[in-house]
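Some notes on the structure that comes next.
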Amino acid sequence: MNLTESLLHALKDHGARQIFGIPGDFALPYFRIIEESKILPLYTLSHEPGVGFAADAAGRINSSLGVAAVTYGAGALNMTNAVASAFAEKSPLVVLSGGPGQGESRSGLLLHHQAKTLDSQFRIYREITCDQARLDNPERAPADIARVLASCLRHSQPVYLEIPRDLAAAPCAAVVAEGPPAVDDDALDACVDEILARLGRAASPVLMAGVEVRRFGLEAKVAELTRRLGLPVVTSFMGRGLLAGADAPLMGTYMGVAGLPEVTRLVEGSDGLFLLGVIVCDTNFAVSEKKIDLRKTIQALNGQVTMGYHTYPQIPLAALVDRLLARIGPADKVFDVHHQDFPRGLVADAAPVNPNDIATAVNDLLAERGPMPIASDVGDCLFTAMDIGPAPLAAPGYYATMGFGVPAGLGLQAATGERPLILVGDGAFQMTGWELGNCRRYGWDPIVLLFNNASWEMLRVFQPESAFNDLGNWGFAEMAAGLGGDGVRVGTRAELKVALDRAVATRGRFQLIEVSLRPGVLSQTLTRFVAGIKRLNAGK
């Protein structure tokens, strides 16, 4: 077995199911082994940011490793934004990079793709990954690979592995996976005791589920936990799509001033708010109508539990959920909860389409054909997704990078085999929408709803006087045929209904529905969000 084969088998044993990548000269040796060994399927895309986003989404949807493979310098450095997004949003992404061979590293010459020093890339990736290794010693490589992959799964954050190109085929032993870290049972029991005591004393306890619940594959267990606790449950903004289809007392998504008033009152009025895997960030909490005193919450995140002014360290989320389930018997009451209502019944008339019509049309579609995984970019398409019924959703809700949607949708189809729905704005489509040209090679056929208002409308609402928000009209629908798909432009609700029906009925080619939106027309959720932000800013 050679070094690359040892790495590939270890990736597969740790849960990876495919690799997304773009080759380059420093990566050619290990790419050749990936292709010829067939240990994991390889999907090549067109631009490194798309590779990172696709691999990120594949890891997210299956709660497993996503793998992005690139070359040294121009490839890996071009992917740093996508990896930074995965780091911020706790996605288990493995970055594989080719690297200079040992001989050329000692040549004394500056190498192409080199930045400041040959180690610059490694140091940059230290900032956006939780563990790193350069596989420059085949004898030590199995232990390094085992440690780094264990870190990726333990922390659910990206890791970095660099393969010198003259060692890709070097003989190497198999990787022996590290065992799970030991958990202090006494500390875990004390933590569970305190959590249950706090929830028991609370007059209105609420559980908020966040992204770590999905990252660690805990949705079914958390649904059972909420039933046993008899607690209402909401998701964070980043956690939208969690518990989709689960039998849990799910009331909706907490979005503060931008969300449903009943959910906002429930969360902000709780005296026992249990934040389970929720990233405490501005997109989740900065738009609160009533400021939440986080010191009075229970926060289980990053492998620890914080209550008040003290922290229980080294308490993995999975161990915490398992111990809570072991301590709590079946619920002796049924929690009476009003589930969130989502708009249904599109009126297919000649009225112009607005974002809420898109949400309604998608809900009608999902009710008719069943759930579909959804990838959304940032902007009003993501706020529109908040009005789409429970469905698995991948979106950069915290890091908020543009360009995620289309390649993430391709990652979802590769990872699940299911046809995805992609929501994307015209600005983000200009960045990475061209990755759709790869669908024909792999038989992918996503349905793409492109929100086109010929501007960066999300930015315009905060600074309407700036002309640089204007993007012009690129005619995306006409470009679809050249990329190997079908495109149509719609402007009315009747046209949207016809286009969606046709898209669903057409398989084997991607379907691009370019929705022409009038400038200034926003979803109701984004309208509330903007108004709330402005009101909060005015009060400071």
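Data overview
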{"read-out": "Computed [θ] at 222 nm, helices only, for the chain once each DSSP H run of length n ≥ 4 contributes -39500 (n - 2.57)", "value": "-11000 deg cm²/dmol"}
{"read-out": "About the Cα centre, charge dipole magnitude for the chain (Lys/Arg +1, Asp/Glu -1 at Cβ), debye", "value": "400 debye"}
{"read-out": "Fraction of beta bridges assigned by DSSP in segment 185-327 that are antiparallel (%, nearest 5)", "value": "35 percent"}
{"read-out": "All Cα pairs of segment 3-164, percent lying beyond 18 Å", "value": "53 percent"}
{"read-out": "Of K90/K497; K90/K221; K90/K291; K90/K290, those spanning more than 30 Å from alpha-carbon to alpha-carbon", "value": "K90/K497"}
{"read-out": "Under-5 Å amide H pairs with T297, H placed in peptide plane, nonlocal only", "value": "G308"}
{"read-out": "Three-way shape label, segment 112-169, alpha-carbon gyration tensor, a/c 1.5", "value": "oblate"}
{"read-out": "Farthest positive-ward along the chain dipole, Cα basis, beta-carbon charges - from G59, S516, A531", "value": "A531"}
{"read-out": "Percentage relative contact order, segment 328-431, counting C-alpha pairs under 8 Å, at least six apart", "value": "26 percent"}
{"read-out": "The chain - percent relative contact order, Cα under 8 Å, separation 6 or more", "value": "13 percent"}
{"read-out": "Using θ = phi - 60° and Karplus 6.51 cos²θ - 1.76 cosθ + 1.60, couplings along segment 321-328 (whole Hz; Gly, Pro as x)", "value": "5, 4, 5, 4, 5, 5, 8, 10"}
{"read-out": "Inter-probe distance in nm under a simple model that places probes 7 Å from Cα toward Cβ, at R518 and R440", "value": "3.8 nm"}
{"read-out": "Near-label residues of segment 71-88 by backbone N, under 18 Å of a point 7 Å along Cα→Cβ of D119", "value": "73"}
{"read-out": "Share, in percent, of DSSP beta bridges within the chain that are antiparallel, nearest 5", "value": "15 percent"}
{"read-out": "For segment 123-218, size of Cβ-based charge dipole, Lys and Arg +1, Asp and Glu -1, in debye", "value": "440 debye"}
{"read-out": "DSSP bridge pairs, segment 355-530: antiparallel proportion in percent, nearest 5", "value": "5 percent"}
{"read-out": "Integer Hz, Karplus 6.51/-1.76/1.60 couplings in order for segment 223-230, x for Gly and Pro", "value": "4, 5, 4, 5, 5, 5, 6, x"}
{"read-out": "Relative exposure of K534, K221, judged by other C-beta atoms within 10 Å (fewest first)", "value": "K534, K221"}
{"read-out": "Inter-part distance where segment 166-192 and segment 1-80 are each reduced to a Cα centre, Å", "value": "22 Å"}
{"read-out": "Nearest-0.05 FRET efficiency for D184 and K534, computed from C-beta distance (R0 45 Å)", "value": "0.40"}
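Computed from the coordinates by the stated procedures, all read-outs in this text should not be read as laboratory data. No experiment lies behind these values; they were computed from the predicted model shown. Glycine also receives a Cβ, built like all others from the backbone with ideal geometry; neighbour counts cover every protein chain displayed.
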